[in-house]
Amino acid sequence: MRLFLYILFFCAAFSVSAQSSDAKNRMLELLNQLLSTPKYECDITIKIDVKFINMKERTGKMMYHSPEKIDYKIKGFAFLPKNELTSSSTKLLSNDFVAIGLEDQLINNQPCAVIKVIPIDIESTIVAGQFWINNNNEVCKMTFVTKDKGSYTANLFYNNNPFKLPSKAIVTFDVKDQKLPALLTGDLEGYSSEDTFNEVSKGKIEINYFNYTIN
């Protein structure tokens, strides 16, 4: 009986180890895909939905140089994601991490592998990340939990763009006491004069990408 339990435990441990190994390889494959993305330009539209900000949809251009360097040209508008999603992903995956495969889920009507990523470095600014990856190796959803920048979730949509580049990103985050998370920065030109509020509300920023030009 004892031998049987030992064999059962060994098989279970091997299964978890194999699953974690497969999950990590999947994430390393995603990292290579992100790092191999060439420089490009595209047109964008931006919509912001935050309780104390009144701002119309804006249009402009985005210039991608690398995960750490992305420039924008949007007339009269400085309110943009401070840390791009690609930068957060590559920062998390470029250092040693543990990857755990979870049960598959449907995201945007697509079956997705769900992988939780936890950095080994206790000093990492990102505490944990979770990725939903479809059969085309496109990230349909990602969530990051950080030490001092709050947490945020992005849903990504695709339309056969080159290099698996998204056509739309919807980022949601928590807003409290009229303070925006450090994820975002801006001129707050649309600031509302309404009374302050203490409850936590959800903020949302929607970015549409189109007319890609690969450099």
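Bear in mind these aren't lab numbers, they're just calculated from the coordinates by the rules spelled out. It should be emphasised that the depicted structure is a prediction, and the values quoted were computed from it without experimental measurement. Using ideal geometry, Cβ is built from the backbone for each residue, glycine included, and neighbour counts are taken over all protein chains shown.
The calculated FRET efficiency for the pair S36 and D174, based on their C-beta separation and a Förster distance of 45 Å, comes to about 0.85. With the simple spin-label model, which puts each label point 7 Å out from Cα in the Cβ direction, the K116 to L28 separation comes to 2.2 nm. Computed extension gain for D96 through N211, at 0.36 nm per residue and net of the alpha carbon distance, reaches 37.8 nm.
Computing FRET efficiency as 1/(1 + (r/R0)^6) for K73 and Q105, where r is the C-beta to C-beta distance and R0 is 30 Å, gives about 0.20. Between F157 and N136, with labels modelled 7 Å along Cα→Cβ, what's the label distance in nm to one decimal, could you check? For the pair F157/N136, the computed spacing is 1.4 nm. Once you have a ≥ b ≥ c as the square roots of the Cα gyration tensor eigenvalues for the range 56-162, tell me rounded if a/c is under 1.5, and otherwise prolate or oblate according to whether a/b is larger than b/c. It comes out oblate by the Cα gyration axes.
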